[in-house]
Amino acid sequence: MHKQYVVFQLEDELYGVDIHQVTRIEKMMPLTRVPNAPPFVIGVCNLRGSVIPVIDLKKRLALPSNLDDNAKIIIVNIGKQLVGMIIDASVDVTSIDSSEIEPSPALVTGIDARFIQGVAKISNRLLIILDMERVLTVDQLDVLDTME
């Protein structure tokens, strides 16, 4: 069975998120900081009248974080919560057969394996498929929910 993934880049690695969870990709926009937010939460943005929490995906995945002017915000739907995640660049939408997705090796680029749904090869590169339901726990989603 083929599934489609939105492919994006963090540093030199490619990541994928199920296309059904992605609502849009936006240019970087002004963010309002939120006091006492978890360290990976950069702030909130106003997107067409909706207040959306924005997280630094690199910080959440324990990668070195450095935001640049070309960064984008990918808006994903996790549970009933819209969340913006800062990414370096959006790359493509790709279709991958589920048989081509392998379980995550224990140590993929130093990311916590709980966050990874699997790994696939596209164009001689590895695509790390993120499990968005695990990137943010229920408790963290509850905290984000209170920011609206």
Open item on the list: For a quick size check, give me the Cα extents of the chain along its three principal axes, largest first, whole Å.
Closed with: 42, 29, 27
- [ ] Determine the gain in length on full extension of the stretch Asp92-Asn46; use 0.36 nm per residue of separation and subtract their C-alpha separation, reporting nm with one decimal.
- [x] 14.0 nm
- [ ] Work out the FRET efficiency for Met1 and Lys80 from their Cβ-Cβ distance, taking R0 = 41 Å, and round it to the nearest 0.05.
- [x] 0.95
Open item on the list: Helix-only estimate, please: 222 nm mean residue ellipticity of the chain, summing -39500 (n - 2.57) across DSSP H runs of length 4 or more and dividing by its residues, to the nearest 500.
Closed with: -2000 deg cm²/dmol
- [ ] Apply 1/(1 + (r/R0)^6) to the Cβ-Cβ distance of Arg24 and Leu63, taking R0 = 25 Å, and write down the FRET efficiency to the nearest 0.05.
- [x] 0.60
Task: Alpha-carbon centroid distance for the pair segment 1-50 / segment 60-81, whole angstrom - done: 4 Å
Task: At 0.692 mPa s and 37 °C, Stokes D of segment 1-74 from Kirkwood alpha-carbon radius, µm² per second - done: 240 µm²/s
Open item on the list: Let me spell out the model: positive unit charges on the Cβ of Lys and Arg, negative unit charges on the Cβ of Asp and Glu, origin at the Cα centre of segment 1-123. What dipole size does that give, in debye rounded to 20?
Closed with: 580 debye
- [ ] Towards the positive end of the charge dipole of the chain, with charges on Cβ (+1 Lys, Arg; -1 Asp, Glu), say which of Leu136, Leu126, Pro103 has the farthest Cα.
- [x] Leu136
Open item on the list: Relative contact order of segment 2-145, please, whole-number percent, based on alpha carbon pairs below 8 angstrom and at least 6 residues apart.
Closed with: 27 percent
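Every read-out reported here was derived from the displayed coordinates using simple, explicitly stated rules and does not represent laboratory data. What you see is a predicted model, and the numbers here were worked out from it, not measured in a lab. Note: ideal-geometry Cβ built from the backbone for every residue, glycine included; neighbour counts use all protein chains shown.
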